[in-house]
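Asks: The structure that follows is given in the form of structure tokens.
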Amino acid sequence: MPRLSDVLTSKIALCAISGLILGLSFPPFHFSWLAFVGFVPFLITIEKAENYRDAFKLSYVAFLVLNVVVIYWIGGWSRESDPFMMIGGVALMLGHPLFFTVPILFYHFLRKRLGRSTIFIFPFIYLSFEHLHSISEVAFPWLTVGYSQSYNLADIQFAQFTGLFGISFQVLLANTFFAIAVKSFTTMSDSRWMKVACCTIAGLLLIIIPEIYGLNVLRHADTSNASHIKVAVVQPNIDPYAKWSGSPTQILRTYEGETRKILKSKPDLVVWPETAIPFYILLPQLTYFRNELESFIDSNDVCLLSGVPLAYYFSAADSAKPSSHYDSIERKYYDAYNGAALFEPHSGNFQTYGKIILVPFGERIPYADAVPYLIKPLEWGVGISNWARGLDTTIFKLPDGNQFGTVICYESIFPDYVRQFVKRGANFIVIITNDGWFGKSSGPPQHAAYASIRAVENRRAIVRSANTGISEMIDEYGRFIGKPTGLDISATLVADVPLARRLTFYTRHGDVIAQIAEGVTLVSILIALFLKFKYKEKES
């Protein structure tokens, strides 16, 4: 008889292997196919969990490894990194796996009540968790399984119907069939070969059919007949820590100098990255700098979109929120927004957007207005950790009538949010970001890779401007338009970006597949609870 410690150790090892395989399927690794078998060791092992404590321990190990492999970079870990950022990174890697144990504990509960067939409900349970994990102020859907396929352009083409969560469901269901095949192979049943063959074929078909469909779509994809707009992107490669204390004049001159390099191509729109202008240039007190910027725009006859902080002052103190800032000079409360502004030449007009989905703790304390006493102790040391939430999904309108939506950094990983801009009339999407906090780690290429799925979901081209890289332009099929920039270099991009107007099924209807999964999960839980109480009644 093997010792209990040996059995538990082997279970933990298998779960850790599962987490490692899943982690290696995510960008920047080019092993997306690993995701289709990554859950297999875990699914086989979790069935051997003897109680909820065992299930919790095994799932925590699996998802701890996944978190460490994929998001180890969150803490920054560079010489310049803020200590709070490092502490937050460690806390996230240790705490975030706790969220992932929740669907597994539900799965364990259902399996005890519904038996072995519960494994077919696993994809629905896990998908429900992924969706719910993306809709609160502590949402962090960076590890949504569907993102593992970001580099697999053929496989993700069906996302125009299902969105990101459809890709997740494909991966989860394939894992389920492969897990049943492996488990059947180890039994002594006479029908095991039939089960192995059927489940293996089913799993392979789940991989092959979307791949064939996607290859056919890409083979016939042609944007040459579409209307285009010429867009230029500036990647200045400015130290994200130093710029907050830099000279406003010097910062503007740096961007203007980089922009002059691409003005010969006569772009319709120039894009600067997130918080490119790190001061409140739109306030009356800083009119001098705004006049300088508008003079540059007018003299070069170009529209400019730039990341810029925004401020809204309250006329009365009692109108302010608990999380609002206080300006001791103006003697007024105000809300500060991580925003973007579109400046039009020869008009003096500008349009603004305030970021709505903010990085938990990094940009805003979750539910800050409910717990205002936590704000000051947890503020990040570079002065940008208590942004207010924006109010609306602004559609920027260019003088030629074309429209686009702008999402800022973290917002770009939320599929349902991005589709709202397209639904409201955006002909293309702009992503502005500053991934410079994370150096040359996996973070920037991961973030950049996820943009391809946003393009396919909505069939909209993506223009991405990143302070230190990676900047890129992507067509509506997720393919690069030109060559992306590298990391930690100054660079510019100019390209003709295709415009689109038709709405995909996903854009029109959203995350239907996730809602179905939640319905199936809820019904399964209700059935399990009914059987539990019915069994108790019989015992009594």
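The values are calculated or read from the model by the stated rules, or taken from the named source; none is laboratory data. For clarity, every value in this text was computed on a predicted model and none was experimentally measured. Methodologically, a virtual Cβ is constructed for each residue, glycine included, from the backbone with ideal geometry; neighbour enumeration extends over all protein chains shown. The area values use the complete protein model at the heavy-atom level, side chains included, leaving out ligands, DNA and RNA. Shrake-Rupley method; radii C 1.70, N 1.55, O 1.52, S 1.80 Å.
Asks: Just one of GLY89, GLY95 is open to solvent by less than 10 Å² (accessible area, probe 1.4 Å), within 28 Å of GLY362 (Cβ to Cβ) and in a helix (DSSP H, G or I); which is it?
Replies: Answer to the check: GLY89.
Asks: From the set of residues in segment 1-32 that are of a type outside the set (A, V, I, L, M) and at pLDDT below 95, which is most open to solvent (accessible area, probe 1.4 Å)?
Replies: Once the filter is applied, the top-ranked residue is ARG3.
Asks: Test PHE289 against the stated conditions and say whether it is crowded, with 16+ Cβ neighbours inside 10 Å, over 18 Å from VAL234 (Cα atoms) and either free of Cβ contacts under 8 Å to residues at least 40 places away in the same chain or over 33 Å from the mean Cα position of the chain (by Cα) (or both).
Replies: So PHE289 passes the test.
Asks: Where the second residue is surrounded by fewer than 18 Cβ atoms within 10 Å (Cβ to Cβ) and of a type in the set (Val, Ile, Thr) and the first is under 20 Å from LEU358 (Cα atoms) and touching a residue at least 40 places away in the same chain (Cβ under 8 Å) and lies in segment 388-400, which pairs have Cβ atoms under 8 Å and are six or more apart or on separate chains?
Replies: Every condition considered, the pairs that remain are THR394/THR352.
Asks: Let me ask you something else. Would you pick out the residues in segment 437-475 that are buried (at least 24 other Cβ atoms within 10 Å of the Cβ) and of a type in the set (D, E, K, R)?
Replies: Those that are buried (at least 24 other Cβ atoms within 10 Å of the Cβ) and of a type in the set (D, E, K, R): ARG454, GLU457, ARG460, ARG464, GLU472.
Asks: Mind checking whether some residue in segment 230-249 is more than 17 Å from SER465 (Cβ to Cβ), assigned to a loop (DSSP other than H, G, I, E, B) and in contact with a strand residue (DSSP E or B) (Cβ under 8 Å, 6 or more places away or on another chain)?
Replies: The answer is no; no qualifying residue exists.
Asks: Search segment 132-149 for residues that are within 16 Å of ALA91 (Cα to Cα) and in contact (Cβ under 8 Å) with a residue 12 or more places away in the chain and pair each with any residue that is in a loop (DSSP other than H, G, I, E, B) and open to solvent by less than 20 Å² (accessible area, probe 1.4 Å) when their beta-carbon atoms are under 6 Å apart and the residues are at least 6 apart or on different chains.
Replies: Note: pairs meeting the criteria are VAL138/PRO366.
Asks: Out of everything in segment 292-325 that is open to solvent by 30 Å² or more (accessible area, probe 1.4 Å), in contact (Cβ under 8 Å) with a residue 40 or more places away in the chain and in a loop (DSSP other than H, G, I, E, B), what residue ends up being farthest from THR352 (Cα to Cα)?
Replies: Of everything passing the filter in segment 292-325, PRO322 is farthest from THR352 (Cα to Cα).
Asks: Then there is this: Just to be sure, is SER465 hydroxyl-bearing (Ser, Thr, Tyr), within 20 Å of CYS409 (Cα to Cα) and modelled with pLDDT of 95 or more?
Replies: Yes; evaluated as a whole, the condition is true for this residue.
Asks: A follow-up question, please. Give ALA226, ALA174, ALA202 a once-over and let me know the one that is modelled with pLDDT under 95 and among the hydrophobic types (A, V, I, L, M, F, W, C).
Replies: Step by step, each of ALA226, ALA174, ALA202 is checked, and only ALA226 is modelled with pLDDT under 95 and among the hydrophobic types (A, V, I, L, M, F, W, C).
Asks: Here is a further query. Every residue in segment 450-486 that is in contact with a strand residue (DSSP E or B) (Cβ under 7 Å, 6 or more places away or on another chain), over 22 Å from PHE140 (Cα atoms) and basic (Lys, Arg), please.
Replies: ARG460
Asks: State which residue is farthest from PHE480 (Cα to Cα) when the search covers only segment 422-459 and only residues that are in a strand (DSSP E or B) and aliphatic (A, V, I, L, M).
Replies: ILE432
Asks: Taking the condition of being of a type in the set (Gly, Ala, Ser) and modelled with pLDDT under 90, how many residues in segment 320-350 meet it?
Replies: Of the residues in segment 320-350, 6 are of a type in the set (Gly, Ala, Ser) and modelled with pLDDT under 90.
Asks: May I ask you to list the residues in segment 419-461 that are within 17 Å of LEU153 (Cβ to Cβ) and of a type in the set (Asp, Glu)?
Replies: GLU457 - this is the single residue of segment 419-461 that is within 17 Å of LEU153 (Cβ to Cβ) and of a type in the set (Asp, Glu).
Residue by residue, here is whether (1) touching a Lys or Arg at 6+ places or on another chain (Cβ under 9 Å); (2) among the aromatic types (Phe, Trp, Tyr) holds:
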| residue | (1), (2) |
| --- | --- |
| LEU92 | no, no |
| TYR151 | no, yes |
| GLN160 | yes, no |
| LEU164 | yes, no |
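Asks: Which one is nearest to the chain's Cα centre (by Cα) among residues in segment 326-337 that are over 22 Å from GLU411 (Cβ atoms) and assigned to a strand (DSSP E or B)?
Replies: Here the residue is TYR334.
Asks: Just to check your reading of the model, which residue among PHE165, PHE161 is buried (at least 20 other Cβ atoms within 10 Å of the Cβ) and either aromatic (Phe, Trp, Tyr) or free of Cβ contacts under 8 Å to residues at least 40 places away in the same chain (or both)?
Replies: When all the criteria are applied, what remains is PHE165.
Asks: A follow-up question, please. Which residue is modelled with the lowest pLDDT, if the candidates are limited to segment 229-261 and must be open to solvent by 10 Å² or more (accessible area, probe 1.4 Å) and among the β-branched types (Val, Ile, Thr)?
Replies: Out of the qualifying residues, it is THR249.
Asks: Scan segment 181-206 residue by residue and report those that are of a type in the set (A, V, I, L, M), open to solvent by 100 Å² or more (accessible area, probe 1.4 Å) and part of a helix (DSSP H, G or I).
Replies: Matches in segment 181-206: MET194 only.
Asks: Here's another thing I want to ask about it. In the set ALA276, ALA340, which member is of a type in the set (Gly, Ala, Ser), surrounded by 19 or more Cβ atoms within 10 Å (Cβ to Cβ) and part of a strand (DSSP E or B)?
Replies: ALA340
Asks: Looking only at segment 33-59, which residues are open to solvent by 50 Å² or more (accessible area, probe 1.4 Å), farther than 19 Å from TYR147 by Cβ and touching a residue at least 24 places away in the same chain (Cβ under 8 Å)?
Replies: Scanning segment 33-59 gives LYS48, TYR52, PHE56, LYS57.
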